[in-house]
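Right, one structure below, let's go through it.
The numbers here are math on the coordinates, done by the rules we state, and not lab data. Remember, it's a predicted structure, so these values are computed and weren't measured experimentally. FYI the Cβ positions are ideal-geometry reconstructions off the backbone, even for glycines, and counts take in every protein chain you see.
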Amino acid sequence: MTPNIFIKNKFSRKTISLANIILKGLGQIMLQENPVTGSLFLVGIFYGSLAMGIAAILATICGTTTAFLLKYDKAEINKGLYGFSAALVGVAIMLFLKPVFISWIILIIGSALATVIQHFFMKRKIPVFTLPFVLITWLILFFTNHYCTGLLSEASITTASTINYLTVGFNGFGQVIFQDNLISGVLFFIAVFISSPISALYGFIGAVLSAFIAFSISTPVADISIGLFSFNAVLCAIVFTGNQIKDSIWALIAILLSLIISLLMLKFNFTQLTFPFVLASCITLFLKKKYDSNRQNN
């Protein structure tokens, strides 16, 4: 083998490896360490918005590169664990801010900071899921709302008078990555199903259940129909996916908690993002750990 061919092959392997990590990072948004899942997520994001698609790739690259530069654990990097919060930061910025030059600079800085925060909690073995994304996005929104209002994009208004629970289930998947169209939601569902059929089914049922409960307490139909009361439930359900009845019970507890937290945040005009999922899942994991510990002691 000539030196040039060897160099080209080595470069190709590194490129493929990096692409694999980036796609896994995208897949980890819904807790799936699967590059095919990440690929379909990317297709769904691009279908909804070209700017968001580019932002998702750039942010995941920035997050992963930050992890490499700071010499974080390679096994964790290879699993995509430093990509998902960064990716969500990138997509969120293209949702809340105008796609101008300064927004892309904020994206690069924000995704890097999300990675650093992710590592802070992971090093201490604290499961915070997408909390780094939430914290960074809240910080960005705070500063733009107070000091750079010209950067803010105009909020879209949705109207709906009826609820189709089939589409609500898919819309719940779509809203996890800020996509409010049915096609993206279906692609996201398929992406999770390819990696873990039971996780996809748990997520779909969780989305529909949360929407049904929200409707029963007179929450705005328009918000329910586009999945705004379902996406946190999707993530909660996926976290507690399992083959036993008790797994379904823990998933139900997390879903109900996430809906209560969502309603409280909306009442006080807080941008919820995936914080209801994070808090509900952490509370449920704590309760589950206590329950399991008590059973072992008795």
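Data overview
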read-out	value
Per-residue HN-Hα couplings for the stretch 193-205 [Karplus 6.51, -1.76, 1.60; θ = phi - 60°; Hz; x = Gly/Pro]	4, 4, 7, 7, x, 5, 5, 4, 5, 4, x, 5, 4
The stretch 172-228-the stretch 40-94 distance, computed between alpha-carbon centres (Å)	22 Å
Order of Tyr72, Tyr147 - criterion: other Cβ atoms within 10 Å of each residue's Cβ, fewest first	Tyr147, Tyr72
Distance between modelled label sites at Asp292 and Ser17, nm, 7 Å Cα→Cβ extension	3.3 nm
Fully extended contour minus Cα-Cα distance, from Val116 to Ile183, at 0.36 nm per residue	20.8 nm
Stretchable slack from Lys74 to Leu201, in nm (0.36 nm times residue separation minus alpha-carbon distance)	42.6 nm
3J(HN,Hα) from dihedral phi, the stretch 76-88, Karplus parametrisation 6.51/-1.76/1.60, rounded to Hz, x for glycine, proline	5, 4, 5, 7, x, 6, 10, x, 6, 5, 4, 4, 5
Per-residue Cβ neighbour rank within 10 angstrom, fewest leading, Leu69, Leu18	Leu69, Leu18
Size of electric dipole in the chain: Cβ of Lys, Arg +1 and of Asp, Glu -1, about Cα centre, debye, nearest 20	1020 debye
Order of Ser218, Ser85, Ser210, Ser103 - criterion: other Cβ atoms within 10 Å of each residue's Cβ, fewest first	Ser218, Ser103, Ser210, Ser85
At most 15 other Cβ within 10 Å, DSSP loop - trypsin sites (Lys or Arg not before Pro), the stretch 112-154	Arg124, Lys125
For Leu97, distant residues with modelled amide H under 5 Å away	Ser153
Selected from Leu256, Asn298, Cys236, residue furthest toward positive end of dipole (the stretch 212-298; charges at beta carbon)	Asn298
